[in-house]
Amino acid sequence: MSLPTAYCPLRTAMGLLDSETGKRRLLTVEIPVIERYNEGRHPEFQVRVARAGGSLVLRYALKPGHNVYQLETRLVSSYPLVPPETRVITPLKHCPHLLEGQTLCLWRQGSTRANSRWDPARFTCIFAIQAAWRWLACYEIWHETGEWPLPEAK
Amino acid sequence: MDFRPLNATERQNLITALRGNADQNRVLLMDRRDTSFVGTADEVPDEEVINAIKSVPCHY
């Protein structure tokens, strides 16, 4: 599968992940799902991939309601063993499940496979985007009602 | 950001959808073009799963 021109920078970022396993994961799992995600999507809402130090950063926009939010999801060097970190760039009101730097509390950031809800065998970076969408949908409701619409995880 | 809230009907629809997703594993459907909420479903075909939120975990 050839990569669209927009993804050419990603080719130079392959070395960001140290291991062959990590590189293989990018080429066989993450890049194909990003391509699928971007198919038929308005350019404003497509995922853009950039290099940031030792990480890969996905930049994108989500619009669960009437508001458009800019986000970035960081795939750290130990990804996918360590879950991706997602933060909202668009300023938010302080709310539940929002960590420092507007990082979303999704699956215990920095946790290990043993104690995380993140499963690298089943999930991809697109799952992180979908989880962020659901978080923002909750935020839009909380913004008006003051109540987070989903219960705490057990 | 100049926040534009959901109206009461939109908000209730979204709450129902989110809880159905959490409690009954119903699928949340995102518009392919702009990711806006378009409804729920029991199942989605594989080719549409990229725009459907089903078994996506979360901490909250």
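The values are calculated or read from the model by the stated rules, or taken from the named source; none is laboratory data. Every value quoted in this text rests on a predicted model; they were computed, and no experiment measured them. Neighbour counts run over all protein chains shown; Cβ positions are idealised from the backbone, glycine included. Remember, those area values only see protein heavy atoms, side chains included, never the ligands or the DNA or RNA. Shrake-Rupley method; radii C 1.70, N 1.55, O 1.52, S 1.80 Å.
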Query raised in the report: Which of the following residues is modelled with pLDDT of 90 or more and of a type in the set (Gly, Ala, Ser): B:Ser55, B:Ser36?
Result: B:Ser36
Report summary line: Per the list (1) modelled with pLDDT of 95 or more; (2) more than 21 Å from A:Val57 (Cα to Cα); (3) not charged (D, E, K, R), residue check on A:His97 breaks on (1)
Query raised in the report: What number of residues within the stretch A:27-66 are more than 19 Å from A:Gln130 (Cβ to Cβ) and either at pLDDT below 95 or touching a Ser or Thr at 6+ places or on another chain (Cβ under 8 Å) (or both)?
Result: 8
Requested in this report: Could you tell me which residue of the stretch A:121-148 is modelled with the lowest pLDDT, considering only residues that are more than 10 Å from chain B (Cβ to nearest Cβ) and open to solvent by 10 Å² or more (accessible area, probe 1.4 Å)?
Outcome: A:Ala121
Query raised in the report: Can you find a residue in the stretch A:83-94 that is at pLDDT 90 or above, at positive phi and not basic (Lys, Arg)?
Result: no
Report summary line: Filter the stretch A:41-61 for residues that are aliphatic (A, V, I, L, M) and not in a loop (DSSP other than H, G, I, E, B); the one that is nearest to B:Thr35 (Cα to Cα) is A:Ala61
Query raised in the report: For the subset of the stretch A:136-153 comprising residues that are touching a residue at least 12 places away in the same chain (Cβ under 8 Å), in a helix (DSSP H, G or I) and not charged (D, E, K, R), which member is farthest from A:His94 (Cα to Cα)?
Result: A:Ala137
Query raised in the report: In this structure, does A:Pro64 turn out to be within 10 Å of chain B (Cβ to nearest Cβ), assigned to a loop (DSSP other than H, G, I, E, B), open to solvent by less than 30 Å² (accessible area, probe 1.4 Å) and not aliphatic (A, V, I, L, M)?
Result: yes
Report summary line: Scanning the stretch B:13-60 for residues that are under 21 Å from A:Asp119 (Cα atoms), more than 9 Å from chain A (Cβ to nearest Cβ) and in contact (Cβ under 8 Å) with a residue 12 or more places away in the chain, the one surrounded by the fewest Cβ atoms within 10 Å (Cβ to Cβ) turns out to be B:Asn25
